Each structure stands twice: as C-alpha cells, then as structure tokens.
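Trainee: Take this structure first; my questions come after.
The values are calculated or read from the model by the stated rules, or taken from the named source; none is laboratory data. Quick caveat: nothing in here was measured; it's all calculated off a predicted structure. Neighbour counts run over all protein chains shown; Cβ positions are idealised from the backbone, glycine included.
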C-alpha cells in the first residue's frame, strides 16, 4: 500500500504555521501596513484561501502575529528571570538584562508593538493586542515590585516601564546594543529609592519565594 500523506488537519496546521512564520518575518522587518497579504501568501507558499480559512482576514493574521510575539516575549522573560535571579528585587533589574538579549540580534528593529501601533489606525486589532501586551508589561513590573516590598508598586512599575521602553528605542534607533546596561543602572536607582532596605528579604521569607 502507498504511504498516506498528512491528514487534512495536519496539513491545515502546517499551512497556518507557515503563514504565521512568514507574517512574523515580514511584518516585523518591513511593517504591518507596508506588507500586503499577497507578499505573505507568496512567502508562506500557500493558497490565498488558506489564509482566509486560518485567520479570516489580514487583521486576523496581524492579531495572531502580535499575540505570538507577546507569548514568546512573556515565555522568555519568565524562564530567564526564574533561571537567573533568586529574589523579586533582583528580577526587577534582571528584566532589563533579559530585554537586552534581543538587542544583539541582527534583525532587531525595536518593539514589534511600537512599530505596529505607529502604523495602524486606532480601534483595530493592533490596538487590542497592544493593550494586552502593555497590561502584561505593567503587571510584570508591578507584581515584582509588590513582591520586593515597594511602598508604591504601581508607581514604581510606571517608572520602570518608561525605562524599558527607552532602552528598546535606544537600542534600535541609536544602534546601541548595550542600552540594557544603562537601563539597569537607572532601574537600580529607582528601585533603591522605592524599596526600603531589607524589604525584599523580608517579603521573600514571608511568602516563601526565597531560594537558598
């Protein structure tokens, strides 16, 4: 008997993955609005009907692209912070070191959400998913700040988000892959001013998050 090829569901999943990979490459490098749907289809080597079946529209593909970027960023951040730093206070500064890992990538072009939002009209998929990403970023800093014992976790988070944004823009616009080092210096000063001495250690012991 002749060997069977992939099942229709597997072929559909593979085509969807190729479309998403092509969109991620082209949208990030050239811009969400600059890249037409035909370019993505050609790059992915699929039929146009496959795109509409998988994503419904270009807006659906843009939404999926940005959500995939968000998921990859959040996963990397979580894994690296867990592996590299023992306390919440260390992780607050460590966020900027993890951010800096992408600055040396040859294709680095800044934050995908900043680029997409700068191009897109308000009220669409980009606004929706960018809002989700920004909520995650503020929540990351606020959660770590609370765990570390900051007197005003949300206020410190707002300050650190500004530093995070600035580091990404500087690394891209100024071609400065070492921007994360400067960001860590600024972040450490803000954290020292916002967290009383000993607060991180006390919280770490109290909530059981400290590691020996």
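Trainee: Provide a single number: the residues in the range 24-57 that are closer than 23 Å to residue 113 by Cα and assigned to a loop (DSSP other than H, G, I, E, B).
Mentor: Residues in the range 24-57 being closer than 23 Å to residue 113 by Cα and assigned to a loop (DSSP other than H, G, I, E, B): 8 in total.
Trainee: Of the residues that make up the range 181-197, is at least one modelled with pLDDT under 95, surrounded by fewer than 20 Cβ atoms within 10 Å (Cβ to Cβ) and more than 18 Å from residue 133 (Cα to Cα)?
Mentor: yes
Trainee: Considering only residues that are in contact with a helix residue (DSSP H, G or I) (Cβ under 7 Å, 6 or more places away or on another chain), surrounded by fewer than 16 Cβ atoms within 10 Å (Cβ to Cβ) and over 19 Å from residue 102 (Cα atoms), which ones fall in the range 153-176?
Mentor: Residue satisfying the conditions is 154 alone.
Trainee: Can you find, within the range 46-89, the residue that is farthest from residue 33 (Cα to Cα) among those that are within 13 Å of the chain's Cα centre (by Cα) and surrounded by 18 or more Cβ atoms within 10 Å (Cβ to Cβ)?
Mentor: My answer is 77.
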